[in-house]
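My questions will all concern the structure given below.
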Amino acid sequence: MTYPHQPEHITLVITHGVQRDKLSEYEGWLEKLKADSARFVGYESVNVLRPVHGETIYTVLVRFDNIDNLYGWIQSDQRETREAALANLLNGREYIEMRTQA
């Protein structure tokens, strides 16, 4: 559905603190996430801000053309499968926010 006040795109900003010994596994997880999300209607891009200076915090920006299509991906079986595989790779929990200006 299109709304007149809807932004041109919406971005899901995901922040993960990855266990140091799981960084290569997490990189593999990211590649699968990119491939999965690209199959969904309205997909625009996935950008990854990788850690620097020995840190282990990743920020993943998943962009869709509108909120309905983003929710379609968020609520998908593919994303649920990816989330289940993520649990043993992180230090703590996942942080998520939606932005219209990112």
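Mind checking which pairs have a first residue in the stretch 90-102 that is on the phi < 0 side of the Ramachandran plot and modelled with pLDDT of 90 or more and a second that is part of a loop (DSSP other than H, G, I, E, B) and open to solvent by less than 100 Å² (accessible area, probe 1.4 Å), Cβ under 8 Å, 6 or more apart or different chains?
The qualifying pairs are Leu90/Gln19; Asn91/Gln19; Asn91/Thr56.
Consider the stretch 52-80. How many of its residues are over 12 Å from Leu12 (Cα atoms) and either touching a residue at least 12 places away in the same chain (Cβ under 8 Å) or of a type in the set (Phe, Trp, Tyr) (or both)?
Of all residues in the stretch 52-80, those over 12 Å from Leu12 (Cα atoms) come to 52-58, 68, 72, 75-80.
If we keep only those that are either touching a residue at least 12 places away in the same chain (Cβ under 8 Å) or of a type in the set (Phe, Trp, Tyr) (or both) too, we end up with 56-58, 68, 72, 76, 78-79.
So the answer is 8.
The values are calculated or read from the model by the stated rules, or taken from the named source; none is laboratory data. Bear in mind the structure is a predicted one, so any value in this text is a computation, not a measurement. Using ideal geometry, Cβ is built from the backbone for each residue, glycine included, and neighbour counts are taken over all protein chains shown. Areas reflect the complete protein model, heavy atoms only, side chains present, ligands, DNA and RNA absent. Shrake-Rupley method; radii C 1.70, N 1.55, O 1.52, S 1.80 Å.
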